[in-house]
Amino acid sequence: MIEKDVVIVGAGPAGLAAGIEASKAGANVLIIDLNIKPGGQLFKQIHKFFGSSAHRSGTRGMDIGMLLLREAEENGVEIWLKSTVIGLFPGNKVAVEKGLENEAKEVVTILAKKIIVATGASENVVRFKGWTKPGVMGAGAAQTMINVNHVKPGEKVVMLGSGNVGLIVSYQLMQAGCDVVALVEAAPKIGGYAVHAAKIRRAGVPIYMKHTIIEAIGDETDCVKEVVIAEVDDKFQPISGTEKVIEADCVAIAAGLKPTVELTRLLNCEFTFNGVFGGFIPLHNKNMETSVEGVYVAGDATGVEEANTALEEGRIAGIAAAQSLSLIADKEAEEKKDAIWKRLEMLRLGPFGERRLSAKEVVLAEYLNKVGMPQAEIKLKG
Amino acid sequence: MKAYDVVVIGAGAIGTSVAYHLCEKGYEVALIDHGDIANGSSSHCDAVALICDKQPGLDTQMGAASIALYKELAAKFSYDFEFDQKGCLYVCETESEYEAASAYANRQAQDGYDMSMVDAKTLAEMEPYLAKDLIGGIWTPGDAAMSPYKVCFAFTEEAKKLGLKVYTYCSIQKILLGEKNQVEGIETDQGTIYTKKIINCAGVWAPDVGKMAGIEIPIQPRKGMNLISEKTKRIVWHKILEFGYMMSKFDDINFKRNVSPLVEEYNVAFNIEYTNDSNILLGGYRGFRGFDARSEIEAMKAIAERGMRFFPCLKDINCIRSYAGVRPFVVDHLPIVSDVEAVPGFYIAAGHEGDGICLSPITGKIMAQVVAGEKTEFDISKLKFSRFEKNVL
C-alpha cells in the first residue's frame, strides 16, 4: 500500500495551498483531483479579483491558478489528475480510482497520516418544467465551457439568478459571443455587486426582477428553444397571466452553491447546518480539523465563500497537518496560523463578508461545544 | 404503561415474526426496539431464504419449513414483501467441488428435498452470462428471495391487526425479576411494562438483554458485506452462489480454493442476485470486527474480484456503493430458540447469523409453540440454550 504524510482531495485553491504549505514543511504530499487539469475553478475565472493587495486584488483567477501550480511544482507536491477518491475508509485509507495513461482506471488504496478534504462546492439547481432538457445547465458549467473549453453553451442564453456568479458569467458569455437575452431574478433586489449589474445592464441585457422561469420548451430534438418566464408574487409564486415567452437555446442557472460533503459524511464527521455557508457543513476548529482526528477541511467544502478564503483556509490546514506530524515547531506554526486568521478577517469584511465572519465564529464555537478543544491547543496550554 | 402477556424485544426479522405468531395464538403482545423496525441486521443483509446452503438435518428441515411458511404468508398477508421463489444455483469450479456437491445434493435428495445436479451445458443455458469454465452445480428450485425489511414490516403490520402494541425508540433499562428469579416486567425509558414472559429476539444485541436477566448469551457480531451495482440489464436470473460459500460459512478448514491472497484473506465467497429494482447485489464477505459495520475497501475489492471470476461481464458494470451489517454468530452455527431454566419466563430466539431472514417464519412459529407449552413442529433440543450452560461446566 502507498503511504503518504498528507493526502489532499481536490486541487483547487484550497487543496493546492494546503499542499504547498504541508510540502514546504517537509511533508510527503499527494493531491488527488478528478479533472484533467489542476486549479479547480480558478482557470475559468478570467476576471480580476476584488479585495486587498495582500490577496492579489486586480489579479485574474486564472493567473492566481498559474502561480499556485508553479509553487506546488517547486515544492514537489505530487498531483494525480483524472483520479477520483471513491471513499475514505477506517484507518485513514483513501481509495482512489486512479486515471492511467490510456484512459484506463485502477483502484489504488493509499494510507494517509493526515487527510485534507478540499472538495469545493456544487451548483444548486432550480426545478421547473423542462429543467432536464439539453441546454439547461449550471452557470458554472456554462462558464467552464466558454473559459476553459472554448465552446459556446448556446447562442441565446437566459440567465437565472443575479448573484455575482450570474452577473459575471452573463458578462463573460457576451464576451464569448453569446447573446444574453434575459437575466431573471425572483427577488426584488440584485443579489450581487451593483457594479457588475450595471456593466451588463449597460451592455443591453434585459433584467427581469421579481420573475422566475416556469418552463423550458424543447424543439423536435428536445433541445431548449423557448423559455417561459413569469412575474412572481411576494411568496415567489408565479402570477398567472404575466407569462412571457423568450426565444433561447440555453438556460444558465446561478442559484448558489452547496458544499460537497460526501467524503466528510462518510467519515461521520460532526456536521452543522449553516445557511450563510450554503447548507450542511462539517464542523472544524481553528486548525481546520474536523471532529475526526487527522481529517481536515478547507475551502468551499466547509462553507461556500470565495477563492481567496479557500486559499487561506487551505494554508491553515496544510500548516496544521504538518504541525501535528511534528514537521513544524508549534510556535512557528501558531504564528503562521494566527497571521492567516487575521488575513481571513480582512477578507470577511463588507456587506457580504461580515455575515460570513460571524457565521464562521458560530461554526468554531459549535465545534468547541460539541467536539472540544483541539489537541494542539491542549498541548500548548499544558 | 400497562401489562402484557408477552413482551418481545427486538423488531428485526425474528422479533417481528415471533410477535406475529404469538398474536395469532391470542396473546396480548408488546414489541420493543431501541430503534425502529428492521433497524439493525435485518436491513443490512441480503435477501434470500435458501435450503441449499444448509447442513443436512435440522438446519435444512427448518429452512424448508420456513420457505413453505413464507409462501403461505405471502398469499395471506395484504402487505407485499416481494416473495419470489426463483430458485438457487450453487456452482462448482473444480471436479472435486463437484464431487462434494454431488454427495451433498444426493444426501439432501434422499431426505426428500428437491435438489439435483446440473452439468456445465445446462448451467450455461440457465445462466448465459456465467463464466464458461464452470463444471456444474446444484439446482434447488424451491429457494426464494424477498425484501428483508419488508418482511419485518409485513409481520408487524399484520400483527397490529391482531392487537400487537409496538414501542419503537424504546430503551430497556432493567429486567424486573421476582423472588424465584422469574420475569416480572421491564423498566424502559418510556415507563415500566409488566409481563411474565420476555422473548429476547435482539440478535447481536441479545447478550446485552441477557445480562439484564443475569445470563451470558454466547452470540458475537460477525460482519457481512455486499456491493450494489448501478441499475443494469438483467444478467442473472436465479440466486447464485459458489460452492466454496458453504465452506466459508461453516469454516471448513480442510477445504482450499484456488483464489488470490486478497480473496483468501477476506474469506470472500461469491454470491449474486438481481433485485426488483434492477440493481445487482454482489457478495459476500464475513469477518469479525466487533460492532464496526463500516465498509472495508479491501473486502470490496475482493468481492468485486470474486464476482468477476464468475460473471466476467461484471467488469463493465459500475459498483455504486457497498454496505455491511452485523450478523448474530453462534459458534455451532445453530440459533438459540429456547426457554432459560434459570430465569422462568425468559426465552431466547436469536443467533441465526446469516439465516435470520430465511428462518424468520419458522422461528416465530416454533417460539410461539414453546411459549404456549405445545409440542413443537420439530425436535428442537439442539437449539436449547442449555447446550451452552453445559459447556461452561
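If you take the residues in the range B:257-278 that are without any contact (Cβ under 8 Å) to a residue 40 or more places away in the chain and among the acidic types (Asp, Glu), which one is farthest from the other protein chains (Cβ to nearest Cβ)?
Per the stated criteria, the residue is B:GLU264.
If B:GLU230 passes every condition in (1) touching a Phe, Trp or Tyr at 6+ places or on another chain (Cβ under 9 Å); (2) not assigned by TED's automatic domain parsing to the domain that holds B:LEU383 but one, which one does it miss?
(1)
Can you tell me which residue in the range B:279-310 is farthest from the chain's Cα centre (by Cα), limited to those that are among the aromatic types (Phe, Trp, Tyr) and away from chain A (no Cβ under 14 Å)?
B:PHE310
Where in the range A:214-286 are there strands (runs of 3 or more DSSP E), lying fully within it, with 2 or more residues that are assigned by TED's automatic domain parsing to the domain that holds A:ALA333 and over 21 Å from A:GLY192 (Cβ atoms)?
A:271-274, A:279-282
In the range B:316-336, is there at least one residue being under 25 Å from B:SER260 (Cβ atoms), in a helix (DSSP H, G or I) and at pLDDT 95 or above?
no
Confirm whether B:ARG222 is under 28 Å from B:TYR347 (Cα atoms), basic (Lys, Arg), in contact (Cβ under 8 Å) with a residue 60 or more places away in the chain and within 14 Å of another protein chain (Cβ to nearest Cβ).
no
Examine the range B:152-166 for a residue that is in the same structural domain as B:HIS34 (by TED's automatic domain parsing) and free of Cβ contacts under 8 Å to residues at least 60 places away in the same chain, and state whether such a residue exists.
Yes, the range B:152-166 contains a residue that is in the same structural domain as B:HIS34 (by TED's automatic domain parsing) and free of Cβ contacts under 8 Å to residues at least 60 places away in the same chain.
Conditions (1) surrounded by 20 or more Cβ atoms within 10 Å (Cβ to Cβ); (2) under 30 Å from A:GLY12 (Cβ atoms), marked per residue:
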{"residue": "A:LYS225", "(1), (2)": "no, no"}
{"residue": "A:LYS235", "(1), (2)": "no, no"}
{"residue": "A:CYS250", "(1), (2)": "yes, yes"}
{"residue": "A:LYS286", "(1), (2)": "no, yes"}
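Quick one: is A:ALA301 of a type in the set (Gly, Ala, Ser), surrounded by 19 or more Cβ atoms within 10 Å (Cβ to Cβ), modelled with pLDDT of 95 or more and assigned to a strand (DSSP E or B)?
No; evaluated as a whole, the condition is false for this residue.
Yes/no per residue for (1) buried (at least 21 other Cβ atoms within 10 Å of the Cβ); (2) more than 24 Å from B:GLU389 (Cα to Cα); (3) among the β-branched types (Val, Ile, Thr):
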residue: B:LYS132; (1), (2), (3): no, yes, no
residue: B:TRP139; (1), (2), (3): yes, yes, no
residue: B:ALA144; (1), (2), (3): yes, yes, no
residue: B:LYS165; (1), (2), (3): no, yes, no
residue: B:GLN173; (1), (2), (3): no, yes, no
residue: B:GLU184; (1), (2), (3): no, no, no
residue: B:TYR194; (1), (2), (3): no, yes, no
residue: B:ILE198; (1), (2), (3): yes, no, yes
residue: B:GLY210; (1), (2), (3): yes, no, no
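In the range B:1-34, which residue that is in a loop (DSSP other than H, G, I, E, B) and under 19 Å from the mean Cα position of the chain (by Cα) is nearest to B:LEU282 (Cα to Cα)?
It comes out as B:GLY12.
Would you confirm whether any residue within the range B:112-125 is of a type in the set (Asp, Glu), touching a Ser or Thr at 6+ places or on another chain (Cβ under 8 Å) and within 30 Å of B:SER42 (Cα to Cα)?
Yes, there is a match, as at least one residue in the range B:112-125 is of a type in the set (Asp, Glu), touching a Ser or Thr at 6+ places or on another chain (Cβ under 8 Å) and within 30 Å of B:SER42 (Cα to Cα).
Restricting to the range A:147-174, name every residue that is assigned to a loop (DSSP other than H, G, I, E, B), of a type in the set (S, T, N, Q) and modelled with pLDDT of 95 or more.
Residue satisfying the conditions is A:SER162 alone.
Looking at A:ASN124 and the list (1) more than 14 Å from every other protein chain (Cβ to nearest Cβ); (2) exposed (fewer than 14 other Cβ atoms within 10 Å of the Cβ); (3) closer than 29 Å to A:LEU311 by Cα; (4) in contact (Cβ under 8 Å) with a residue 60 or more places away in the chain, which single condition is not satisfied?
(2)
Among the listed residues A:ILE217, A:ILE207, A:ILE229, identify the single one that is in contact with a Lys or Arg (Cβ under 9 Å, 6 or more places away or on another chain), in contact (Cβ under 8 Å) with a residue 60 or more places away in the chain, surrounded by 17 or more Cβ atoms within 10 Å (Cβ to Cβ) and at negative phi.
Result of the check over A:ILE217, A:ILE207, A:ILE229: A:ILE229.
Please verify whether A:ILE115 is in the same structural domain as A:PRO351 (by TED's automatic domain parsing), β-branched (Val, Ile, Thr) and closer than 23 Å to A:LEU16 by Cβ, treating the condition exactly as stated.
yes
Suppose we filter the range B:95-106 for residues that are closer than 23 Å to B:VAL48 by Cα and surrounded by fewer than 15 Cβ atoms within 10 Å (Cβ to Cβ); how many remain?
So the count comes out to 1.
Conditions (1) buried (at least 23 other Cβ atoms within 10 Å of the Cβ); (2) among the hydroxyl-bearing types (Ser, Thr, Tyr); (3) free of Cβ contacts under 8 Å to residues at least 12 places away in the same chain, marked per residue:
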position: B:LYS315; (1), (2), (3): no, no, yes
position: B:ARG321; (1), (2), (3): no, no, no
position: B:ASP332; (1), (2), (3): no, no, no
position: B:TYR347; (1), (2), (3): yes, yes, no
position: B:GLY351; (1), (2), (3): yes, no, no
position: B:GLY356; (1), (2), (3): yes, no, no
position: B:ILE362; (1), (2), (3): yes, no, no
position: B:SER381; (1), (2), (3): no, yes, yes
position: B:ARG387; (1), (2), (3): no, no, no
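Report yes if some residue within the range A:22-35 is more than 18 Å from A:LYS114 (Cα to Cα) and modelled with pLDDT of 85 or more; otherwise report no.
The answer is yes, given that some residue of the range A:22-35 is more than 18 Å from A:LYS114 (Cα to Cα) and modelled with pLDDT of 85 or more.
Report whether or not A:GLU106 is in a strand (DSSP E or B) and either of a type in the set (Asp, Glu) or at pLDDT below 95 (or both).
yes
Restricting the range A:55-109 to residues that are more than 14 Å from chain B (Cβ to nearest Cβ) and of a type in the set (Ser, Thr, Tyr), which is nearest to A:ILE340 (Cα to Cα)?
A:SER57
Report whether or not A:ARG355 is closer than 20 Å to A:TYR193 by Cβ, assigned by TED's automatic domain parsing to the domain that holds A:GLY40 and charged (D, E, K, R).
It is true that A:ARG355 is closer than 20 Å to A:TYR193 by Cβ, assigned by TED's automatic domain parsing to the domain that holds A:GLY40 and charged (D, E, K, R).
Matching residues to (1) among the acidic types (Asp, Glu); (2) in the same structural domain as A:ILE8 (by TED's automatic domain parsing); (3) exposed (fewer than 15 other Cβ atoms within 10 Å of the Cβ); (4) at positive phi:
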residue: A:ILE36; (1), (2), (3), (4): no, yes, yes, no
residue: A:ILE46; (1), (2), (3), (4): no, yes, no, no
residue: A:ASP63; (1), (2), (3), (4): yes, yes, no, no
residue: A:LEU69; (1), (2), (3), (4): no, yes, no, no
residue: A:ALA72; (1), (2), (3), (4): no, yes, no, no
residue: A:LEU81; (1), (2), (3), (4): no, yes, no, no
residue: A:LEU88; (1), (2), (3), (4): no, yes, no, no
residue: A:GLU106; (1), (2), (3), (4): yes, yes, yes, no
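Exactly one condition in (1) within 30 Å of B:LEU22 (Cβ to Cβ); (2) crowded, with 21+ Cβ neighbours inside 10 Å; (3) not acidic (Asp, Glu) is not met by B:GLY214; state its number.
Among (1) within 30 Å of B:LEU22 (Cβ to Cβ); (2) crowded, with 21+ Cβ neighbours inside 10 Å; (3) not acidic (Asp, Glu), the lone unmet condition for B:GLY214 is (2).
Taking the condition within 14 Å of chain B (Cβ to nearest Cβ), more than 30 Å from A:ILE214 (Cβ to Cβ) and at pLDDT 95 or above, does A:VAL117 pass?
Against the criterion (within 14 Å of chain B (Cβ to nearest Cβ), more than 30 Å from A:ILE214 (Cβ to Cβ) and at pLDDT 95 or above), A:VAL117 does not qualify.
The values are calculated or read from the model by the stated rules, or taken from the named source; none is laboratory data. This structure is a prediction, so every number in the text was calculated from the model and none was measured. Don't worry about glycine lacking a Cβ; one is built from the backbone with ideal geometry, like all the others, and counts go over all protein chains shown.
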